[in-house]
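Here is the structure we will look at, set down as structure tokens.
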Amino acid sequence: MTAIRICVALALLVAVPATVAQKKKKGEADTRMVQGEVTSAMDAPVNGAVVQLKNSKTLQIRSFITKEDGLYYFNGLSPDIDYELKADYQGAASPSKTLSSFDNRKEAVINLKLNKK
């Protein structure tokens, strides 16, 4: 009887940390990011464009202002939610693009091109 209790105790000591480690890794994998480049109608990177990311569930909007390279990124995104992206710069705007919940990439790349005024 004592040998069985010792075996059960040892099994629990091994199983509990493994379960905790799996949950932590799973939590880290539960987010994704999107990044891309904003370009002008002439394909040049746009400095100062405002990229908006809209959560389709809560309608919350996050913004990012591009630097000289025209790049933007958003991280910490839920894989279960669709996000709508668009860029604006001095009256020019890009068409909206969607990062779908069916897109299983952890690091999606969506480039946005501004239309002429």
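What the table shows:
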item	result
Radius 10 Å from Cβ of Val50, net charge of other residues (Lys, Arg +1; Asp, Glu -1)	0
Per DSSP, loop GluC sites (Glu not before Pro) in region 66-117 with at most 12 further Cβ within 10 Å	Glu68
Intensity falloff of region 69-117 expressed as log10 I(q)/I(0), Debye formula with alpha-carbon point scatterers, at q = 0.15, 0.17, 0.29 Å⁻¹	-0.45, -0.56, -1.19
Dimensionless Rg ratio for region 31-113, taking C-alpha atoms and the 2.2 N^0.38 Å reference	1.03
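Read-outs throughout are calculated quantities, based only on the coordinates presented, and are distinct from any laboratory measurement. If you're wondering where the values come from, they're calculated on a predicted model, not measured in any experiment. Cβ atoms come from the backbone with ideal geometry, glycine included; neighbour counts cover every protein chain shown.
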